[in-house]
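Please treat every number below as a calculation from the coordinates, not as lab data. All of these numbers come straight from a predicted model, not from anything done at the bench. Ideal geometry is used to build each Cβ from the backbone, glycine not excepted, and the neighbour counts take in all protein chains shown.
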Amino acid sequence: MLGNEKLPPPPPLAQWKALSEEERRGIVGTWNPYRDDGEPLLHEIEREFRREFGHLKGLSIHGIGNCHGGLVIGGTHKLVFDRRLLPHDYLGLPLYFTVTDIPADFRVFAGYIWAPDNYEHLVDEHADVVRRELGHADMSREEMLHALCGMEFDKWVEICRGLGPGYTNK
């Protein structure tokens, strides 16, 4: 709803938490990201997110924002960051985090910066650094790839293949 209609105020945080994720996403989808729809609940959600995830090394939480016309919790993190530690959504809001420090030798596959080929190169060439930054000296290659992608690496490969030519050589 992007008109001038006044929406009812959102429920208190305790009631919001009692809703299913699907119900929360549906309500958030009606809020106009260019107005104050969802206030003051959005500030409470941001506070909860910061309390739960703000301690993660390499993560910078910027707050609630607008991404392509929708409300998100946004921020940045280092390239070597365990994305498995973050959910895809939090209390009805999708997360949108970008990377702050892409090394010059990361991009060996020029077609798509997040191509599986680039992650493999990073892990194969800098495994000790990745393990040290993630704080797990005994991580396997697959565990490192999973951590960096935030999902099983094979799934990421399939997603990139599904995007069409130019997204991976795999």
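For region 127-142, which positions are touching a helix residue (DSSP H, G or I) at 6+ places or on another chain (Cβ under 9 Å), without any contact (Cβ under 8 Å) to a residue 40 or more places away in the chain and assigned to a helix (DSSP H, G or I)?
Once the filter is applied, which keeps residues that are touching a helix residue (DSSP H, G or I) at 6+ places or on another chain (Cβ under 9 Å), without any contact (Cβ under 8 Å) to a residue 40 or more places away in the chain and assigned to a helix (DSSP H, G or I), region 127-142 yields Ala127, Arg131, Arg141, Glu142.
When both residues are 6+ apart or on different chains and their Cβ atoms are under 6 Å apart, which pairs have a first residue that lies in region 12-27 and is touching a residue at least 12 places away in the same chain (Cβ under 8 Å) and closer than 18 Å to Glu39 by Cβ, and a second that is of a type in the set (Asp, Glu) and part of a helix (DSSP H, G or I)?
Leu13/Glu44
Taking the residues in region 16-45 that are touching a Gly at 6+ places or on another chain (Cβ under 9 Å) and among the β-branched types (Val, Ile, Thr) as candidates, determine which candidate is nearest to His68 (Cα to Cα).
Val28
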